[in-house]
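In what follows, a single structure is set out as structure tokens and then discussed.
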Amino acid sequence: MKTDSQLQSDVIAELAWEPSIHSEEIGVEVKGGVVTLAGHVGTYSEKLEAERAAIRVVGVKAIAVEIDVRLPGSNVRSDGDIARAVENVLQWTTCLPQDSVKIKVEAGWVTLFGAVHWDYQRKAAVDAVRYLMGVKGVSDLIAIKPTVSAPLVKADIEAALVRQAQMDSQNITVSVDGNDVILSGPVRNWSERDLATQTAWGTPGVRCVTNNTTVTF
């Protein structure tokens, strides 16, 4: 098991290795395997990339993000400009049903709400907005419309986990409450944990996924 000092060095190295991040603006502290990222970045997408870089380091148990987005003067946009840009990019996102996602912008922070049929549609909407100039953050309030019964959701998830040979699906328990899915059990690393979540979200009708699996190094 890595010490906090080793984890800190590895996270700093991972941030420096990621080309989309200006790592010199981000400080890293580690206590008990929990990583705290602090500082400021120039875009919301850079903040997200810093989070992803830290969490993929082996041995990291959790991360706390205290990074704020400080837009350079040339990137500052009014809320009206951002709202129009968001509306345009969503209209050009082919997998989204027309007018399914609504928009609110306040102080550069974008809130998306509405309803879609699939999780990949929800993700597409959020991903399309994250990289727009002037955006400081995104709140995802998009709902997923239920389309199938709970027993079918459970069967689909368990079958998908078995098909994916990267992980031992026998260790993961799938519980379904209506259209909400709860995953529990041990996994070997963060990649397996993420794979379980993605598999659950890939089943039609799933409205919420709670991943209670634990990483055992």
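The values are calculated or read from the model by the stated rules, or taken from the named source; none is laboratory data. Quantities reported herein were computed from a predicted structural model and do not represent experimental measurements. Glycine also receives a Cβ, built like all others from the backbone with ideal geometry; neighbour counts cover every protein chain displayed. For accessibility, only protein heavy atoms count, side chains too; no ligands or nucleic acids. Shrake-Rupley method; radii C 1.70, N 1.55, O 1.52, S 1.80 Å.
Taken together, Ala124, Ala54 contain a single residue that is under 18 Å from the mean Cα position of the chain (by Cα), free of Cβ contacts under 8 Å to residues at least 60 places away in the same chain and within 30 Å of Thr216 (Cβ to Cβ), which is Ala54.
Considered as a group, the residues in the stretch 17-26 that are surrounded by 14 or more Cβ atoms within 10 Å (Cβ to Cβ) and either assigned to a strand (DSSP E or B) or not β-branched (Val, Ile, Thr) (or both) include one that is nearest to the chain's Cα centre (by Cα), and that residue is Glu18. The single condition from (1) at pLDDT 80 or above; (2) in contact with a strand residue (DSSP E or B) (Cβ under 6 Å, 6 or more places away or on another chain); (3) open to solvent by less than 50 Å² (accessible area, probe 1.4 Å); (4) at negative phi that Gly185 fails is (4).
Check the stretch 71-92 and report whether any residue there is at pLDDT below 90, within 29 Å of Val215 (Cα to Cα) and surrounded by 15 or more Cβ atoms within 10 Å (Cβ to Cβ). Outline the logic, then answer.
Quick first cut of the stretch 71-92, residues at pLDDT below 90 only: 71-77.
Narrowing the set further to residues that are within 29 Å of Val215 (Cα to Cα) leaves none.
The answer is no, given that none of the residues of the stretch 71-92 is at pLDDT below 90, within 29 Å of Val215 (Cα to Cα) and surrounded by 15 or more Cβ atoms within 10 Å (Cβ to Cβ).
Give Leu90, Leu7 a once-over and let me know the one that is in contact with a strand residue (DSSP E or B) (Cβ under 7 Å, 6 or more places away or on another chain) and farther than 22 Å from Trp109 by Cα. So that I can check it myself, show each step before the final result.
On the way: Leu90 fails: farther than 22 Å from Trp109 by Cα.
Matching residue, one of Leu90, Leu7: Leu7.
Looking only at residues in the stretch 127-147 that are surrounded by 15 or more Cβ atoms within 10 Å (Cβ to Cβ) and of a type in the set (Lys, Arg), the one that is farthest from the chain's Cα centre (by Cα) is Lys136. Report, by residue number, each residue of the stretch 59-70 that is open to solvent by 50 Å² or more (accessible area, probe 1.4 Å) and in contact (Cβ under 8 Å) with a residue 60 or more places away in the chain. Result: Lys61, single match. Among the residues making up the stretch 110-130, a single one is part of a helix (DSSP H, G or I) and under 12 Å from Asp99 (Cα atoms): Ala125. Scan the stretch 188-205 for residues that are open to solvent by less than 30 Å² (accessible area, probe 1.4 Å) and of a type in the set (Ser, Thr, Tyr) and the total you get is 2. Filtering the stretch 95-114 to residues that are surrounded by fewer than 15 Cβ atoms within 10 Å (Cβ to Cβ) and of a type in the set (A, V, I, L, M) leaves only Ala107.
Just the residues that are at positive phi and assigned to a loop (DSSP other than H, G, I, E, B), please, taken from the stretch 27-57. Working first, answer last.
Step one: filter the stretch 27-57 for residues at positive phi, giving 32-33, 39.
Answer for the stretch 27-57, where residues must be at positive phi and assigned to a loop (DSSP other than H, G, I, E, B): Gly32, Gly33.
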